Ligand SMILES: [Zn+2]
């Protein structure tokens, strides 16, 4: 699998729904190179590094996380092994530190599902990706920020905006103003657990305001191909219309099949 070039300085390894692998981004500054999200496993991260090498692109020295969900973070062990420093917002870091203490025996997994701390969609996909829970190694980030972090990569700027979004309370929007590009993560997606529709609508509207103030041309979603900002807004509008008819917003993996 190859990285697709999105702008002069931005590439993306496309997502793979078979085991819920998200998009992995690559941003090339003159001094620093940044990976966006760590992959859902060391194997996924390795695929990214191999694709970079095959395309003659130097390895990243930094990684930023869009949120703590397993599919975006469980590849971190491979990054630590390669000496790549990882940056997360405080809420993401707290989630990672909690998950690092999780036991992965069948009883422990079943117990978390009963208590609503995890959902079957994720535990099933983890088994699809790894084959067994035994190989899981959850690693926290190296650098932690709150609200906003700006990185000068050399000739290009990276702004990390923390948002309490509809998908998770630990969303980070990765904005590259010079390239008019924004990595959205899953920020505009449904939550993993059902929430009151009113809460979802409020968080969606807050996210929309932040996105409109950043006004990118191109948006790279966590689980889809790059799209125009107008497309993102149309999707968010459709999602708001649906939620306005509901009492509760249902997680996407529980939605009835079309
Ligand atoms: Zn997610």
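The values are calculated or read from the model by the stated rules, or taken from the named source; none is laboratory data. Just so it is clear, the model here is predicted, and its values are computed rather than measured. Heads up, the Cβs are rebuilt from the backbone with ideal geometry, glycines too, and the neighbour counts pull from every protein chain shown.
For the subset of the range 173-191 comprising residues that are within 10 Å of the chain's Cα centre (by Cα) and in a loop (DSSP other than H, G, I, E, B), which member is farthest from residue 237 (Cα to Cα)?
186
Of the conditions (1) without any contact (Cβ under 8 Å) to a residue 12 or more places away in the chain; (2) in contact with a strand residue (DSSP E or B) (Cβ under 8 Å, 6 or more places away or on another chain); (3) in a loop (DSSP other than H, G, I, E, B), residue 56 clears all except one; give me its number.
(2)
Out of everything in the range 75-90 that is part of a loop (DSSP other than H, G, I, E, B) and farther than 15 Å from residue 36 by Cβ, what residue ends up being farthest from the ligand (Cβ to nearest atom)?
Of everything passing the filter in the range 75-90, 83 is farthest from the ligand (Cβ to nearest atom).
Of all residues being at pLDDT below 95 and assigned to a loop (DSSP other than H, G, I, E, B) in the range 192-224, which is nearest to the ligand (Cβ to nearest atom)? Just the residue, please.
192
Looking for whichever is touching a residue at least 12 places away in the same chain (Cβ under 8 Å), within 16 Å of the ligand (Cβ to nearest atom), assigned to a loop (DSSP other than H, G, I, E, B) and under 29 Å from residue 117 (Cβ atoms) here; the options are 67, 72, 44. Which one fits?
Numbers: 72 fails: assigned to a loop (DSSP other than H, G, I, E, B); 44 fails: assigned to a loop (DSSP other than H, G, I, E, B).
On inspection, the qualifying residue turns out to be 67.
Assuming residue 109 fulfils every condition listed in (1) in a helix (DSSP H, G or I); (2) surrounded by fewer than 16 Cβ atoms within 10 Å (Cβ to Cβ); (3) free of Cβ contacts under 8 Å to residues at least 60 places away in the same chain apart from one, which condition is it?
(2)
Going through the range 35-68 one residue at a time, which ones are crowded, with 24+ Cβ neighbours inside 10 Å and under 20 Å from residue 161 (Cα atoms)?
Once the filter is applied, which keeps residues that are crowded, with 24+ Cβ neighbours inside 10 Å and under 20 Å from residue 161 (Cα atoms), the range 35-68 yields 35, 36, 37, 38, 63, 64, 65, 66, 67, 68.
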